[in-house]
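Engineer: Questions regarding the structure given below will be posed in turn.
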Amino acid sequence: MSHKPMNAGRRQAARVLAATTAVLSAPAIVQAQNRWKPERPISIYNPFAAGGATDLHMRLLADRVGKTLGQTVLVEVKPGAAGTLAPAALLNAKPDGHTVACMSINSLRYPHYQQVAWNPLRDFTYITGLSGYTIGVVVRTDSPFKTIEDLIAAGKKEPEKYTYGTSGIGGTGQLLMIEVDQATGAKFTHVPYKGGAEWMQALLSGQVHFLADAAQWAPHVDAGQCRILAMATEQRVPKYANVPTLRERGFNTVAYSPYGLVGPRDMPPGIVQTLHEAFTEANNEPATAQFLDRYIQVPWKANPTEFRAFAEKYYVDVKPLLVRAGLAK
């Protein structure tokens, strides 16, 4: 095969193109060269019990991020205090990127009604949004309660007799049921657990009558072991299109419960950006999306600035709700 010689104009254009490409790619090369590299294994503190949906999500991300950053990423379970112990454990950690925590929205509520040694806006570096829990009211399939109205009627007829499980005092599930109680006059007894793995077992074994929490229950609904009475979402969930929302049943309440990754305060921006990119990439993997779909969750694509802005706004906005719920002064 023969080639025609390149004329002068084409040679000049090629040189310009090569030079332009070099200039455009230089920042990317420099960025890659300056990208933070962990010197030892990274630890993620998980705020909820081992074996729950959050724990499984963290372990899935840890495996992928470990491959990206070239270091082992370990998940350490630190449940308790409605999921606030894990981020609180960062107070004694160095801001060098080797210790981070999954933080749920509970950490933005807890300081309003409980004395704590940390401030969520002062003591953490916000790294990346991860996902959010989809909340519903769920019973076992053999429960006598067929609708949310059945449950409310029972709670009014025999106050405090019927128990429900959530991931902790002051969590999204309890706030949801407090609003339902106040709107209807029903009264249920709250039983807090350290995470979905625990309260799911409590429901299946008959220790509680129903759940008001994240869709750790979804696989059990799909298996025919549980039944959803109502979803605490803005609109019906396509996967369970026959299940009404609480709003449809006259309750002006929607439970919103995102979570993300935080580090100790004063983390260098380069480390924050590297972790944000690595976890975002892992969270966008098909395997992760498939896992989240199993629990009716989607990735929360919040960068460090967006995550902090959300936290600052929610921390202020949630106070009146906690006051109405009787949890805060």
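Engineer: Taking the Cα centre of region 118-168 as origin and charging only Cβ (+1 Lys, Arg; -1 Asp, Glu), how large is the dipole, in debye to the nearest 20? Provide the component values of the computation, followed by the final result.
Structural biologist: Working: 6 positive and 6 negative charges, 5 e Å.
Here the size comes out at about 20 debye.
Engineer: By how many nm would the segment from LEU121 to ASP293 grow when fully extended, if each residue of separation counts as 0.36 nm and the alpha-carbon distance is taken off?
Structural biologist: Numbers: separation 172, 0.36 × 172 = 61.92 nm, distance 3.06 nm.
Roughly 58.9 nm would be gained on extension.
Engineer: Still on this structure, I have one more. Taking the mean number of other Cβ atoms within 10 Å as a proxy for protection, how do you rank 261-272, 299-310 from highest to lowest? The partial results should precede the final answer.
Structural biologist: Details: 261-272: 18.9, 299-310: 17.2.
Averaged packing, sorted descending, gives the order 261-272, 299-310.
Engineer: Which order do peptides 274-285, 85-96, 203-214 fall in by mean Cβ count within 10 Å, highest first?
Structural biologist: Working: 274-285: 19.7, 85-96: 17.9, 203-214: 22.0.
Ranking the peptides 274-285, 85-96, 203-214 by packing returns 203-214, 274-285, 85-96.
Engineer: ASP150 label point, 7 Å along Cα→Cβ, cut-off 15 Å on backbone N: hits in region 194-213?
Structural biologist: Only 209-211 fall inside the zone, counting backbone N under 15 Å.
Engineer: Return the distance in nm (one decimal) between the two label points of a simple spin-label model at TYR314 and LYS239, each offset 7 Å from Cα along Cα→Cβ.
Structural biologist: 2.0
Engineer: Taking N as the number of residues in region 197-329, what value does Rg over Cα atoms divided by 2.2 N^0.38 Å take? It would help to have the intermediate numbers written out before the result.
Structural biologist: Numbers: Rg = 18.0 Å, N = 133, 2.2 N^0.38 = 14.1 Å.
Against the compact-globule rule of thumb, the ratio is 1.27.
Engineer: Largest first and to the nearest Å, give the Cα extent of region 258-321 along each principal axis.
Structural biologist: Taking max minus min along each principal axis of the Cα atoms, region 258-321 gives 36, 34, 16 Å.
Engineer: Now for a separate question. Quick one: which residues, 5+ away or cross-chain, put their amide H under 5 Å from the amide H of TYR45? H built at 1.01 Å from N.
Structural biologist: It is GLU76, VAL100, ALA101, CYS102, by chain and number.
Engineer: Now a separate question. Out of residues 5 or more away from SER257 or on other chains, whose amide H comes under 5 Å of its own, with H placed 1.01 Å from N in the peptide plane?
Structural biologist: Those qualifying (amide H under 5 Å, at least 5 residues apart or on another chain) are TYR133.
Engineer: Once phi is turned into θ = phi - 60°, what whole-Hz ³J(HN,Hα) does the Karplus curve with 6.51, -1.76 and 1.60 give for every residue of region 316-323, x standing for Gly and Pro?
Structural biologist: 7, 5, 7, 4, x, 4, 5, 5
Engineer: Give the percent of DSSP beta bridges with both residues in the chain that are antiparallel, rounded to the nearest 5. Working shown, then result.
Structural biologist: Working: 21 of 36 bridges.
Looking only at bridges with both residues in the chain, the antiparallel portion is about 60 percent.
Engineer: A further question follows. Give, as a single signed number, the net charge of other residues whose beta carbon lies under 15 Å from the beta carbon of VAL77, with Lys and Arg counted +1 and Asp and Glu -1. Intermediate values should be presented prior to the final figure.
Structural biologist: Working: positive: ARG59, LYS78, LYS194; negative: ASP55, GLU76, GLU198.
Neighbour charge sum, excluding VAL77 itself: 0.
Engineer: Can you count the Lys pairs in region 133-284 with C-alpha separation below 24 Å, eight or more apart or on different chains?
Structural biologist: Total qualifying Lys-Lys pairs in region 133-284 comes to 9.
Engineer: A further question on this structure: What's the center-to-center distance, using Cα atoms, between region 63-93 and region 113-172 in Å?
Structural biologist: With region 63-93 and region 113-172 each reduced to a Cα centre, they are spaced 23 Å.
Engineer: Return the long-range amide H neighbours of HIS209 (sequence gap of 5 or more, or a different chain), with a cut-off of under 5 Å between placed amide H atoms.
Structural biologist: Excluding prolines and chain starts, which carry no amide H, the hits are THR163, TYR164.
Engineer: Consider the candidate values (1) 20.7, 67; (2) 25.3, 82; (3) 24.0, 93; state which one is Rg and Dmax of the Cα atoms in Å computed from the structure displayed.
Structural biologist: The listed entry that was calculated here is (3).
Engineer: Still on this structure: With N residues in region 126-220, what two-decimal value do you get for its Cα radius of gyration over 2.2 N^0.38 Å?
Structural biologist: Details: Rg = 13.4 Å, N = 95, 2.2 N^0.38 = 12.4 Å.
Relative to the rule-of-thumb radius for its length, region 126-220 sits at 1.08.
Engineer: For the chain, what does -39500 (n - 2.57) per DSSP helix run (n ≥ 4), summed and divided by total residues, give at 222 nm, in deg cm²/dmol to the nearest 500? Provide the component values of the computation, followed by the final result.
Structural biologist: Details: 12 runs with 133 residues, N = 329.
After summing the helix terms and dividing by residue count, I get -12500 deg cm²/dmol.
Engineer: Still on this structure, please answer the following. Once you charge only the Cβ atoms, +1 for Lys and Arg and -1 for Asp and Glu, what is the size of the charge dipole of the chain about its Cα centre, to the nearest 20 debye? Could you put the intermediate results ahead of the total?
Structural biologist: Working: 34 positive and 26 negative charges, 177 e Å.
For this selection, approximately 860 debye.
Engineer: Sorted by packing (mean other beta-carbon atoms within 10 Å per residue), highest first, where do 141-150, 75-84 land?
Structural biologist: On the way: 141-150: 14.3, 75-84: 21.8.
Highest-to-lowest ranking by the protection proxy: 75-84, 141-150.
Engineer: Cross-link candidates for LYS94: which lysines have Cα within less than 24 Å, leaving aside residues fewer than 8 places away along the same chain?
Structural biologist: Result set, ordered by chain and number: LYS37, LYS67, LYS78.
No value in this document is a laboratory result; all are computed from the given coordinates. Small disclaimer: the values here were computed from a predicted structure and weren't measured. No Cβ is skipped: glycine too gets one built from the backbone with ideal geometry, and neighbour counts run over all protein chains shown.
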